[in-house]
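The structure appears right after this line, and notes come after that.
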Amino acid sequence: MQTTMPGRRGMLGGLVLVAIGVAVLLPALGARDAGSYLFVTLGIAFAIAYRMGRQYVYLVPAATLVGFGLGLLIPGWFALPAETASPIFLSSLAAGLVVVYLLAPERKWVLVPAGVIALVALLELFFRVSLVPSAIQPFFVPIILILVGTYLLVEPRTH
C-alpha cells in the first residue's frame, strides 16, 4: 500500500520549482556548470517526492537525474583528464540505476540498462574501446533516457 502525505498538494510541482530556482540562482552565486546542477537539484526533488510517498515512478527519475548531473560534475570537481569524462558520466548514470534496484529490488529491469551503460563505460575507460560508434554517441544517453521514461509511462500500476 502506498502512503502519501495528507493535505499536501502539488508536492512534486513545488519541489521542481524550488530545484529550478536553486539551479538558476547558482550562477549568480558564482557557481560554474549550473546546468549540471539543475539535473542534480531536479533529481533531489524527485527523491524527496519518492521519500514522501514511496511511489516508484519518482524513484527512477530521482536516481537517473542525480546520476546524470553528478556524471557531468565529477570530472570538473576533481580536475580529471578529459578522456575520463565519458566513462565517469556513464558510470554515474549506471550507478543511479543500480540505486533504483537497491531501493526497489523487486524491479530487476533497471539492471539491464545499468549493465549496458556500465559495460560501455568500462570498455571505454580500461580498453579505450567504444561500443557506440562516434556518429551515434550523441544519441546514446538520450535514447536510453527516453526508453526508460517510456517504460515508466507504460508500466502497469499493479506493482
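The chymotrypsin sites (Phe, Trp or Tyr not before Pro) of region 47-98 meeting both criteria, a DSSP state outside H, G, I, E and B (loop) and at most 15 other C-beta atoms within 10 angstrom of the site's C-beta, are 78.
Extension gain for residue 77-residue 111 works out to 9.5 nm (0.36 nm per residue, less the C-alpha to C-alpha distance).
For region 20-99, the set of trypsin sites (Lys or Arg not before Pro) satisfying both a DSSP loop assignment and a count of at most 11 other C-beta atoms within 10 Å is given as 32. In region 43-127, Cα pairs under 8 Å separated by at least six residues give a relative contact order of 25 percent. Just check region 11-154 against the gyration tensor rule for me: Cα atoms, a ≥ b ≥ c as the square roots of the eigenvalues, rounded for a/c under 1.5, and otherwise prolate or oblate depending on whether a/b exceeds b/c. Judged from the Cα gyration tensor, region 11-154 comes out oblate (a/c at least 1.5, b/c at or above a/b). Of the residues 91, 134, 36, the one that moves most in a GNM of the chain with alpha-carbon contacts below 10 Å is 134.
Coordinate-derived values only; no laboratory data. Since the model is a prediction, treat every value here as computed from it, not as a measurement. With ideal geometry, Cβ positions are generated from the backbone for all residues, glycine too; neighbour counts draw on all protein chains shown.
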